[in-house]
Structure formats: C-alpha cells, structure tokens
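*Asks:* Starting off with a structure, shown below.
The values are calculated or read from the model by the stated rules, or taken from the named source; none is laboratory data. Just so it is clear, the structure is predicted and the values come from calculations on it, not from any experiment. Every residue, glycine as well, gets a Cβ built from its backbone with ideal geometry; the counts of neighbours run over all protein chains shown. SASA here: full protein model, heavy atoms, side chains in, ligands and nucleic acids out. Shrake-Rupley method; radii C 1.70, N 1.55, O 1.52, S 1.80 Å.
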Amino acid sequence: MTLPSQRTRPDWQTWPNAITAVRFVLIPVYVALVVAGHPGWALVSLVVLGVSDWADGFLARRLHQESALGKALDPVADRLAIIAIVLSLVLVDLLPWIVVAVVVAVDLVLVLLSSAWFRGSPDLRVTWTGKIRSALLFVGLPVLLFSSTSVAAGQDWIRVVALVLVWLGTVGHVLAGAQYAAGMSRKHRADRAPA
C-alpha cells in the first residue's frame, strides 16, 4: 500500500535521462564553438559530450534507472552528436564531406524504416558494433579537432591517426546501421506473424 506522503517517480524522471538532456544541449554549443574558430573550447565541450554518453548508460545500470524514454533518446542523442560533429568538422575543412554523406545516409534509412514499420522507436538494444563505432568516432573526432589547435601545430601524424580512426568508425557506422536495420526487419516480421 502506498502512503500519501510517498511519491512514485515517473519513468522519465531519472539521472541518466537528465544527463541525456544535457547532451542534447551540448551539441549546438559544440558546433557554435567550432564554427566560431575556438577549437580548444570546442574540444572541451566534446570531451564532456563523450563522458556524458558513457555516464548515462553507466548510471542507468548502476542505479537501476533504465527507462523507455532513455532507451529511445540515447541512440537519437548519439546519432545527432555524430552528425553535428562531422558536419562541423567538414565546415572548417578538417574532414572530407563523404563522411557526412555516409553517416547521414545510414541514419536517414534507419529513420525511414523505423517510421514506416514502428511509427517511432523499434526499441532495439545497441549492438557491440554500434558501441565500437561510437568509441572510434568519439576518439577520432576529438583527436582530429585537437590536430587543428596551436598545441598540435606541425604534428601532421596526429591528423593522420585521427582520420584512420574516423574512417574505421564510419565503416562501423555502416555495419551497425545494417545490423539495426536487420533487427528492425526481424521484429517487424515477428509483429506481423499470426499468433
């Protein structure tokens, strides 16, 4: 029996969801700093973005605060962050435009499939390929940004290493997208199968 003084916490009202909300706010802040020519401060915001990406998942498991909203918003925040980061780096000539084209094309296909089959999120788990993809991009992209700072001036190898990591992450993005699309297809077929 619930006492009148007790309050049931809504499913969305969790610390991990609050951190995810901060990630959404940090994305345009990061883009503005890059475009305004402040790579050092942009790098700081990007590091915070990466740490918060790890922290919300860690806290959700540690505090047992997994939620339907969190499962839906986390991959959206990841994809928006990746698109914003690569697009901003293209705008300042640090990254080839083809990376943005590949990332956006994969995400567009997934959004269309999700909308057509589920009218929203299919509620699928993030794959290990997706986690490795995110790790490669969230390491490679900050290193690429770092290569444009005065601290890294004359160190061309830093940019080369960063580009290798970014390209590996881009390939991982395609593979993770294919796995996610396959998972959506299986779930869609299962939902349509007669009971």
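*Asks:* What's the extension gain from Lys71 to Trp41 if we count 0.36 nm per residue and subtract their Cα-Cα distance?
*Replies:* Extra length from Lys71 to Trp41 when fully extended: 7.8 nm.
*Asks:* Give the angle, between 0 and 90 degrees and rounded to the nearest 10, that separates the Cα long axis of helix 97-118 from the longest principal axis of the Cα atoms of the chain.
*Replies:* Helix 97-118 sits at roughly 10 degrees to that axis.
*Asks:* A follow-up question, please. By how many nm would the segment from Gln155 to Ile83 lengthen if fully extended, with 0.36 nm per residue of separation less the alpha-carbon distance?
*Replies:* In short, 23.3 nm is gained.
*Asks:* Roughly speaking, what is the stretch gain from Arg119 to Val25, that is 0.36 nm per residue apart minus the C-alpha to C-alpha distance, in nm to one decimal?
*Replies:* In short, 31.3 nm is gained.
*Asks:* Once both labels are modelled 7 Å past Cα along the beta-carbon direction, what's the Val51-Val111 spacing in nm?
*Replies:* 3.0 nm
*Asks:* Sticking with this structure for a sec: With +1 on the Cβ of every Lys and Arg and -1 on the Cβ of every Asp and Glu, and nothing else charged, how large is the dipole of region 57-189 about its Cα centre, in debye rounded to the nearest 20?
*Replies:* 600 debye
*Asks:* Just to be sure I understand, if you calculate Cα Rg over 2.2 N^0.38 Å for this structure, which of (1) 1.53; (2) 1.15; (3) 1.00 do you get?
*Replies:* (2)
*Asks:* Quick one: net charge around Phe146, please, counting Lys, Arg +1 and Asp, Glu -1 for every other residue with C-beta under 15 Å from its C-beta.
*Replies:* Overall, the nearby charge balance is 0.
*Asks:* Tabulate in residue order the Karplus-calculated ³J(HN,Hα) for region 182-192, using 6.51 cos²θ - 1.76 cosθ + 1.60 with θ = phi - 60°, rounded to whole Hz; enter x for Gly and Pro.
*Replies:* Here the 3J(HN,Hα) series is 5, x, 5, 4, 4, 5, 5, 5, 5, 5, 8 Hz.
*Asks:* Another question about this same structure. Skip the ligands, DNA and RNA, and give the accessible area per residue of the chain with a 1.4 Å probe, whole Å².
*Replies:* 58 Å²
*Asks:* Give me the percent of accessible area attributable to carbon and sulfur for the chain, probe 1.4 angstrom.
*Replies:* 69 percent
*Asks:* A further question follows. Taking 41 Å as R0, compute the FRET efficiency from the Cβ-Cβ separation of Trp167 and Arg62 and round it to 0.05.
*Replies:* Given R0 = 41 Å and the Cβ-Cβ separation, E is 0.75.
*Asks:* Please give the Cα centre distance for region 73-97 versus region 99-123, rounded to the nearest Å.
*Replies:* 16 Å
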